[in-house]
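Written below as structure tokens is the structure these notes are about.
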Amino acid sequence: MTHKGLFSWKLHKDGKALNSTDVVNPEERLSWPRTTGIGLQHIVAMFGATFLVPLLTGFSPATTLFFSAIATMLFLLITRNRVPSYLGSSFAFIAPIIAAESAGLGVAVFGILITGVFLALIGLLVTRVGVRWVNALMPPVVTGTIVALIGFNLAPAAYNNFLISPTTALVTLTAIVLISALFKGLIGRLSILLGVLIGYFCAVARSEVDFSAINEAAWFGLPEFVTPEPAWSILPMFLPIVLVLIAENIGHIKSVAVMTGRDLDGSIGWALFSDGLGTTLAGLGGGSGTTTYAENIGVMAATRVYSTAAYWIAGAGALLLSLCPKFGAAVASVPGGVLGGATILLYGMIGMLGVRIWVENRVDFSQSINITTAAIPLVIGIADFTLQFGDSSLTGIALGTLSALLVYHLINLLSWLRGSNDTNSQTATKSDPSPDSAD
């Protein structure tokens, strides 16, 4: 970086007008009014996905947004403004949170807390020994399988929400599909958020929305914090999420590196540590776990503005919104039918992002190691197999994740023992890890 201080961005082209080929680098900024405008775009881009997670899990939207803002600013600080990124709610936590909530929100946030601690420790390890061992542990065939089974495991939850109000759900889903098909640019990227708004108005017309909580909520106030309640038996449901968060962070770093033309491998360990720290803090106070957001990469790709100053604006703006309880109550009032329509597409998209990882990394499914690694875990995840032992249990996502790792590395080991191991032919990949996967 060329500027002297951490919060001293160089003014791009001395404030002169941008042309179509200009690129604003992370250490640069536009004028503050234009930087603020870009920052607000980042808030809009992350908003829909970040708020869907607390709506689906019963967490407080304001609390989730609060810790999302804190995590984003910590990420920028720890990576020393080298990596532009917004840390929003991770979809990977939805299934284990829903499963753990029967024992209380405190138990669910404890799982998030421990997941964050593990991710932070792995981040520190990567800063010391490098990221190559992570790529060897989780090649694209494994990463894609884990992401896919997380999305498809959630299909019953989407169906249950759909049944609450099929008419409202169909209106919501149809709106999302039409907006994404008919509009390009930012409007097209916000199809889920706009579709949810249309579904919400439909629900209001059908008297399905309860406004009492909105009327009673104050305009200003702190979010509702939740104290974690230790329950070690739920950890098998949460710890596999660490693997997804690693893949998402590495994919994000690689994507930003391609866009900015810079080698950011040295920041991968600190990115993992930062996300782990943000998730840990969320677990301490009742927010959902965080991850780097592909939605905001879309904003950077469209604007060619990679300034981290804009992300500080986004983080500060999100923090201010989280301190408005009335705003959080309005988000929490979205009825189940609306969520049913949105999640049919959303959960399917998460599953298909796993397929995208396979495609973009050219995973060869004519090889038995690859098709076996994907086939067994997907059935385990979709059917939601459960393995009970004492007071603990392993559910579909945890069992599917473990089986993906075990099957892949067991077949590799057996191939090596018989002298026929050829990883390059078994898993054809690009030189870079997978791109951003599910949020």
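Throughout, read-outs are computed from the coordinates displayed, never taken from laboratory work. In this text, all values refer to a predicted model and were calculated from it rather than measured experimentally. With ideal geometry, Cβ positions are generated from the backbone for all residues, glycine too; neighbour counts draw on all protein chains shown.
A few remarks follow.
- Förster radius 30 Å - calculated FRET efficiency between Thr174 and Leu387 (Cβ-Cβ, nearest 0.05): 0.15
- Applying both filters, DSSP loop and at most 10 other Cβ atoms within 10 Å, to the chymotrypsin sites (Phe, Trp or Tyr not before Pro) of the range 211-248 gives Trp219, Phe220.
- Estimated vicinal HN-Hα couplings, Hz - the range 136-149 in sequence order (Karplus 6.51, -1.76, 1.60; Gly, Pro = x): 5, 5, 10, x, x, 5, 6, 4, x, 5, 5, 5, 5, 5
- In the chain, helices alone account for a calculated mean residue ellipticity at 222 nm of -21000 deg cm²/dmol, with every DSSP H run of four or more residues adding -39,500 (n - 2.57).
- Loop-located trypsin sites (Lys or Arg not before Pro) in the range 30-92 (DSSP state not H, G, I, E or B) with no more than 16 neighbouring Cβ atoms inside 10 Å: Arg80.
- Charge dipole (debye, nearest 20) of the chain; +1 at Cβ of Lys and Arg, -1 at Cβ of Asp and Glu: 1160 debye
- Spacing of the two label points (7 Å from each Cα toward its C-beta) at Leu121 and Arg418, in nm: 3.7 nm
- Assigned charges on the beta-carbon of Lys, Arg, Asp, Glu; the range 82-229 dipole about Cα centre (debye): 820 debye
- Mean projected area of the Cα convex hull of the chain, taken over all directions, amounts to 22.0 nm².
- For the range 297-363, Kirkwood radius (reciprocal of mean inverse C-alpha pair distance, Å): 15.6 Å
- According to the Cα-based calculation, Rg over Rh for the range 187-293 is 1.09, with Rh computed by the Kirkwood formula.
- A DSSP coil position with no more than 10 other Cβ atoms inside 10 Å describes none of the chymotrypsin sites (Phe, Trp or Tyr not before Pro) in the range 19-81.
- Taking every DSSP beta bridge that has both ends in the chain, the antiparallel portion is near 65%.
- Each of Ala309, Leu235, Thr292 was scored by the projection of its Cα onto the charge dipole of the range 196-314, and the greatest displacement toward the positive side belongs to Ala309; charges sit on the C-beta of Lys, Arg, Asp and Glu.
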